[in-house]
Structure formats: C-alpha cells, structure tokens
Amino acid sequence: MTRVLLIAPQWIGDAVMAQPLVALLAARGEQISALGLPGVAPVLRAMPGVSEVIEAPFAHGQLDFALRRRIAKPLRGAGFQRAYILGNNLKSRLVPWLARIPQRIGYTGEARGLLLTDRVEADEPARLRAVSEPMALSPVSCRVPRPQSQGRPDMRLHYAALAKVDGASSPVSIPEPTLHISPDEAEAVRRRFGLPPRWIALCPGAEYGPAKQWPVAHYAALAIQARQAGYAVAVLGAPRDAAAGAEIATQAPGSVNLCGATRLADAIALLASCSGAVSNDSGLMHVAAALQRPTVGVYGSTDPRHTPPAAHHSATLWLHLDCSPCFQRTCPLGHLGCLNHITPDAVWCELARLMSAAAPH
C-alpha cells in the first residue's frame, strides 16, 4: 500500500471539494494522512478515505518555518512515498519538502512550482473532464445561461486532476464530495443542543464578505415559513455571525441562535441531523450538501459552476445578473441586487421540494 500525505486547503468549503480526490486515491489503494489547519481538521476527520489527520496550527499568511520544520521532522521516517499539495503557494509545499517525501505533486502556481517534483498545469481539469463521466451540478436557477465565467474551473475537478487520472484509456467516475457522521453521533449532538428531530439549519455567514450574504431579513422570513410548516429552526455559524443569528431569532421568534455556540465538529454533526439547510456560498453549505442533507445554496457574487455544492440533494439559486459573478467582497454597484432579489418564497419552495424528494417513501 502506498502511503501518501495530503496537504489540505485552508478553507472549509475547499476542503470538502477536495474529497473526490481523496476518494480516487483511496480507491486505488493509497493510504491517506491529511495535514490541515485546526479549522478544517473536523472536516478531514469526517471524510471517507482519510485514515489520519495531522493538525498544523500555522498562522494565517505567515511562513512559520520553524513550526513547519518541527511538524515535518517526525514525518521523515513515516514511510510517505507521495504528497498531494492542494495549495498553490510555496508555504504549502514546505512540510512535504522538509519531510523528504520523494514525490510531491501540485499545481505549478507560485514560484513556477518550486519544491514540487510533479507539476500539474492549470488546464488539467479540462482534460480530465474530457475523459471522465461528468460530475453533477446541483440544479441552478439562472436568468441567462452563459459559459463558465472568467475561466474558473469546477473546484471538484481542479483537485481531482491531481490524481493524474487524465491519462486513463476509459472514462473515470469521479464521485461527488461526501462526508460521513455516524447516526448515533448526530443524534447525540442534536439532543445536546435541544433540537427536535424536524429542524431546519440556516447558515447566514460567509467568510469572504457581505457580497455573498443573503439578507438577514430574508433568512428571518424563511425561518417564519419553516416554523409555520412545523419545523424548528436553528441558526449556525461562527462567533462573527452571532449578531446576524440574533437578528434572525428576534425577527422570527422561536428560532434558536447557535452562532458561536458550537465547535465546528458540533456544527458538522448538527448538520448531519437536520431536515434541510439553507446557506450562503460558504463552508457550511458545502458540509451540509456533502452530508447528503437537502441543501439550498444562495449565490450572489460567486459562481455555482465554480464552487458547487455536492449534488446529492442540493440546489442553488442564482439570478446571474449581468454584473455577476463579480467575485467581490462588497457589491461594487451598491445595490446587492443579485441577493436582495432572491425571495424567501423561492428559497422555501426549493427547499421543500428537496426535502420531499429526499424523504423515505
């Protein structure tokens, strides 16, 4: 068995979209240890195909050379034959290089692929798509269908291309991103937070900025509809989302604000127990969809063809205005029409459809 080290992305959503790569490697017998920041480690632990998680508490944007060397030292004699490096920067290549792992695979990226032994070019996902069974896209509500914007690839294929399956002589089946939490664990965490069996998760946060955030008033209106339909509602997010969660709970009495009250591992287990989830284009959206929960992703400044949720039981709502996707942190035109004009009724209709389709018959 080939032992490999996976250098995981630093963001939750990106880590989830790397799971198809993990599945491809595991299917051909590679034993995978994943090295990632503490903020993504719970995602890696829920990832089928990962046998070991190594936490690396690097400071954001810092070289941390001494820490990288300390982490690399015990890896030298651990028998790693290959490393897959999912970041494009030089820092992400240091641990495998310092650990003297003989084969280091990654995208050319920064410094022309310095410290890599195998450099994958940016057009590799397109060639992979040509020989693969196509990955599913969640149904997208678009005003006008247009070609892939700004040349940004489907990130699931972007990572899967590192498996170098593009040279296969027959089509390769690339699986959807999948996470797994045991039903017993999900049930225990749901009970610990006092939620009933029928409940809806709302995820109003987005790390990148307000241009990805559906209005709080819309979330509150959706929460009212969900409660009228007999569902409890809980708002999940980081401490920075607590104010948004409190406002939703104020406008939709009876909703529970759990923003900042859960660790990421708790939030993942809670999402595994929910009846459905509504989220901005964020890490929690990718987690919910990969857990195969009915999930509606609300997109504004970003593109659901570039960062789609796993297509198990998900859909995306995107107006695709002439000004989007702009990939900006804040709306450059000041009106945020791409999100303001997505109505709570439209979102609830889509979520109800998904929950009905996913229900046992």
Tabulated pairs, segment 220-241, first among the basic types (Lys, Arg), second surrounded by fewer than 20 Cβ atoms within 10 Å (Cβ to Cβ), C-beta under 6 angstrom, 6+ apart or interchain: ARG227/GLY254
For segment 173-204, which residues satisfy the criterion of being in contact with a helix residue (DSSP H, G or I) (Cβ under 7 Å, 6 or more places away or on another chain) and aromatic (Phe, Trp, Tyr)? PHE193
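This table checks each residue for (1) open to solvent by less than 30 Å² (accessible area, probe 1.4 Å); (2) within 23 Å of ALA161 (Cβ to Cβ); (3) part of a helix (DSSP H, G or I); (4) in contact (Cβ under 8 Å) with a residue 24 or more places away in the chain.
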site	(1), (2), (3), (4)
ALA15	yes, yes, yes, yes
GLN31	no, yes, no, yes
GLY61	no, no, no, no
ALA66	no, no, yes, no
ARG69	no, no, yes, yes
ALA72	yes, no, yes, yes
GLY79	no, no, no, yes
ALA83	yes, yes, no, yes
PRO96	yes, yes, yes, yes
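Can you find a residue in segment 154-168 that is modelled with pLDDT under 75 and surrounded by fewer than 16 Cβ atoms within 10 Å (Cβ to Cβ)? Working first, answer last.
So the first thing to find is which residues in segment 154-168 are modelled with pLDDT under 75, and the list is 165-168.
With the extra rule that they be surrounded by fewer than 16 Cβ atoms within 10 Å (Cβ to Cβ), the set shrinks to 167-168.
Yes, some residue in segment 154-168 is modelled with pLDDT under 75 and surrounded by fewer than 16 Cβ atoms within 10 Å (Cβ to Cβ).
Sort out which residues of segment 171-193 are open to solvent by 60 Å² or more (accessible area, probe 1.4 Å) and part of a loop (DSSP other than H, G, I, E, B), and write them in order of number. Explain how you work it out, then say what you get.
Initially, segment 171-193 is screened for residues open to solvent by 60 Å² or more (accessible area, probe 1.4 Å), giving 171, 173, 180, 183-185, 187, 191-192.
Selection gives PRO171, HIS180.
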Would you be able to say whether some residue in segment 325-346 is closer than 24 Å to SER275 by Cβ and assigned to a loop (DSSP other than H, G, I, E, B)? yes
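Between GLY205, GLY209, GLY254, which is at positive phi and at pLDDT below 95? Working first, answer last.
Values: GLY205 fails: at positive phi; GLY254 fails: at pLDDT below 95.
From the options GLY205, GLY209, GLY254, the qualifying one is GLY209.
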Could you check how many residues of segment 45-103 are more than 27 Å from VAL287 (Cβ to Cβ) and among the aromatic types (Phe, Trp, Tyr)? 3
Can you run down the residue pairs with Cβ atoms below 8 Å, 6 or more apart or on separate chains, where the first is in segment 272-296 and crowded, with 24+ Cβ neighbours inside 10 Å and acidic (Asp, Glu) and the partner is in a helix (DSSP H, G or I) and at pLDDT 95 or above? ASP281/GLY13
Run GLU207 past the list (1) assigned to a loop (DSSP other than H, G, I, E, B); (2) open to solvent by 30 Å² or more (accessible area, probe 1.4 Å); (3) more than 30 Å from HIS158 (Cβ to Cβ) and report the number of the one that doesn't hold. (3)
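Which residue out of LEU236, LEU258, LEU264 is open to solvent by 30 Å² or more (accessible area, probe 1.4 Å) and farther than 18 Å from LEU354 by Cα?
Details: LEU236 fails: open to solvent by 30 Å² or more (accessible area, probe 1.4 Å); LEU258 fails: open to solvent by 30 Å² or more (accessible area, probe 1.4 Å).
Answer to the check: LEU264.
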Would you point out the residue of segment 308-323, among those that are open to solvent by 10 Å² or more (accessible area, probe 1.4 Å) and in contact with a Phe, Trp or Tyr (Cβ under 9 Å, 6 or more places away or on another chain), that is modelled with the lowest pLDDT? LEU319
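The values are calculated or read from the model by the stated rules, or taken from the named source; none is laboratory data. Here the structure is a predicted model, which is why all the values come from computation and not from measurement. Neighbour counts run over all protein chains shown; Cβ positions are idealised from the backbone, glycine included. Protein only, heavy atoms only, side chains kept; ligands, DNA and RNA dropped before computing areas. Shrake-Rupley method; radii C 1.70, N 1.55, O 1.52, S 1.80 Å.
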